[in-house]
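Written below as structure tokens is the structure these notes are about.
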Amino acid sequence: MQSGEPSRTALGAAFHRAAHQVLEQGRIFTDPLALRILGLDSAAVAEEAGERPSGRGLRLFIAARTRFAEDSLDAAVERGVRQLVVLGAGLDTYAYRSPWGGRLRIFEVDHPATQAWKRRRLEDSAIPLPACLTFAPVDFERQTLAGGLEAAGFDRAGQTFFTWLGVAPYLSKEATWSTLGFIAGLPHGAHVVFDYGDPPDTLAPEMRALHDRRAAYAAGLGEPWINYFDPPELRAGLLNLGFSAVEDLGPPEIAARYFPAVTLPRRGGHIVRASTV
């Protein structure tokens, strides 16, 4: 991410969410605000997506991770969670279409430049800000997640759900484990859903070539992919931090759950849910 500029990859993820509404009719997850926040219509999104047919796999993965996160959140709210923290919120629209009304307080955490850009997009799109939402701008070069949330009025004593989608690949391992350690250390329980990729050298040749093209594109935007995990090591690390339940969906499990007609390789992107309660 360039200094003072909003995240370009956040815009790309938002485009894929919108394209899923158009090209797959939102079959995996429905987001009535996905097009609106971008300021694009269905025809424009379909045309642009059609120019990049290789993006279908990433689009389905982004749709699946969003559905998994929101389903997991709904189940947690039913069990008493009353706080949601959206880490690296980008143009995520959950806060503006949440079915929970006053039952769920929502914090959106992002870099100040990306958050300011989002707020302009919300205003331009005439999407109202819900009373349950608090923006928490955090520049991780100058402040901690704990400090940023505290300044925003976060209640450390409340059981909290974190979504952290499309962020870990851009962070160092140290920053990733630090964030997960903060979540695991909350005194009254926490849940997190995040995603990660298998190490590139474990991918089959065709998948490695596709990965390398996408990684080069991200690097060209100033947002390189630098972080990967071996699944058993990640699970062991999460348990060591204090997470008591870990669910890790790799490509075959994601396909079986959300798009069974599609065959995916054994290695690739993963979606994880970890809980301390």
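A few notes on this one:
- Failed item, numbered, when residue 157 is tested on (1) touching a strand residue (DSSP E or B) at 6+ places or on another chain (Cβ under 9 Å); (2) over 20 Å from residue 273 (Cβ atoms): (1)
- Any hit, the stretch 168-183, residues being closer than 30 Å to residue 32 by Cα and small (Gly, Ala, Ser): yes
- Of all residues assigned to the stretch 121-128, none qualifies as being under 26 Å from residue 40 (Cβ atoms), buried (at least 16 other Cβ atoms within 10 Å of the Cβ) and without any contact (Cβ under 8 Å) to a residue 60 or more places away in the chain.
- Residue satisfying all of: in the stretch 33-87; among the small types (Gly, Ala, Ser), at pLDDT 95 or above and under 19 Å from the mean Cα position of the chain (by Cα); farthest from residue 264 (Cα to Cα) among these: 76
- Any hit, the stretch 123-142, residues being at pLDDT 95 or above and within 30 Å of residue 57 (Cβ to Cβ): yes
- Within the stretch 27-59, being free of Cβ contacts under 8 Å to residues at least 60 places away in the same chain, surrounded by 16 or more Cβ atoms within 10 Å (Cβ to Cβ) and either in contact with a His (Cβ under 8 Å, 6 or more places away or on another chain) or hydrophobic (A, V, I, L, M, F, W, C) (or both) holds for 29, 34, 35, 40, 45, 49, 55, 59.
The values are calculated or read from the model by the stated rules, or taken from the named source; none is laboratory data. None of the values given here were measured: they were computed from a predicted structure. Don't worry about glycine lacking a Cβ; one is built from the backbone with ideal geometry, like all the others, and counts go over all protein chains shown.
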